Amino acid sequence: MYVENAIIRLNNINWDAIGQNGHKKDMELGIEFLKKMAKFCKKNNITPNLPFMTDLPSFFGKKTIDNVLLEQCNDTVKKIIKNPSFSTSVVNYYLRASLLKDEKEKEIDCIYVYEPIILLFEKGGNFIYKERGMSFINSGLIPLTNWFEKFCKI
């Protein structure tokens, strides 16, 4: 169920428009993502590095996406999964997190950590790693110095 919904969402994103429709409130999605990442990592004793490069599903044994699942993705999503950027690496993590959620619904809920970034993409927003922070198009910069400690407290 979660996998099917994740694939539908990813396939329906207009990937050509990513970064073209940045809004002032996009940074709020980044803040929500950082809060969720920090709390999840703290709860599960995971020491993250950069939040958008933290591969939560791999900590629970989901390190790859099988070809059967990949074939359900459109060509653009396949390319993103095979050759991710800083921001689009989240797509791979999100898809594998949906697999985990289907397999272990009550135990592992890391899919929700990635939701704010998927929503950002759905809205046409994007972020880049710049000046040691997450820079949101037309919105602002979230510094990542001590992000984990800071967002665990929020």
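Derivation of every value follows stated rules applied to the coordinates shown; laboratory data play no part. This is a predicted model, so every value here is computed, not measured. We place every Cβ from the backbone using ideal geometry, glycine too, and count neighbours over all the protein chains shown.
At a glance:
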| item | result |
| --- | --- |
| Cα-projected label distance for Asn11 with Lys150, points at 7 Å along beta-carbon direction, nm | 3.9 |
| Calculated [θ] (222 nm, deg cm²/dmol) that DSSP helices of n ≥ 4 give over the chain, each run adding -39,500 (n - 2.57) | -15000 deg cm²/dmol |
| Where Rh is the Kirkwood radius over Cα pairs, Rg/Rh for the chain | 0.94 |
| Listed residue pairs exceeding 23 Å between alpha carbons, taken from Lys43/Lys63; Lys63/Lys104; Lys104/Lys150; Lys42/Lys150; Lys24/Lys79 | Lys104/Lys150; Lys24/Lys79 |
| Mean Cβ count within 10 Å, highest first, over the residues of peptides 8-14, 111-117 | 111-117, 8-14 |
| Nitroxide proxy distance, nm - points 7 Å out along Cα→Cβ at Lys25 and Lys43 | 2.5 |
| Segment Leu70-Lys130, length gained on full extension (0.36 nm per residue, minus Cα span) | 18.6 nm |
| Between the range 25-56 and the range 96-152, the alpha-carbon center distance in angstrom | 6 |
| Relative contact order [Cα under 8 Å, 6+ residues apart], the chain, whole percent | 41 |
| Proximal aspartates and glutamates to Lys35, defined as alpha-carbon separation beneath 15 angstrom and excluding residues fewer than eight positions away on the same chain | Asp26, Asp109, Glu115, Glu149 |
| Where labels lie 7 Å past Cα in the beta-carbon direction, separation of Phe86 and Lys104 in nm | 3.1 |
| Lys78-Tyr2 FRET efficiency (beta carbon distance; Förster radius 30 Å; 0.05 resolution) | 0.95 |
| Shape of the range 72-154, Cα gyration tensor, a/c cut at 1.5 | oblate |
